[in-house]
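We did not get these values from a lab; they are worked out from the coordinates using the rules stated. Just so we're clear, the structure is a prediction, and the values are computed from it rather than from any experiment. Here the Cβ is made from the backbone with ideal geometry for all residues, glycine too, and neighbour counts use every protein chain on show.
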């Protein structure tokens, strides 16, 4: 009888271990911020489920963003391309705010090789570019 009890405990112990391992793997998979659509840079609307609209009805620019774009030689076409095909940097984004107050940091490379990060806010299908950053080169801009 003791042998059967030991075997039963052994099976239960293995079962619980496997169950815990499965739960751990599931939790790790759910917390993975990897975004296959963004990794492909295919411009798909995958990120819309997290609030980012890749093809807004209109794009507006803050005065600060326009100044930074002019100083850093970044065009509106390049900004639109980054918004459409760039990768969201969730560490630099503020997604805990209210829906129209969220800030997305979207990064990508321009056609001339600049590494660009745009900070964009969206509300009711409209995107507002807050600032535009060249992440590889420091520019002496006199924007306030």
Sort 66, 117 so that the residue with the fewest other Cβ atoms within 10 Å of its own Cβ comes first and the one with the most comes last. 66, 117
Quick one: length gained pulling residue 136 to residue 18 fully straight, 0.36 nm per residue minus the C-alpha distance? 37.8 nm
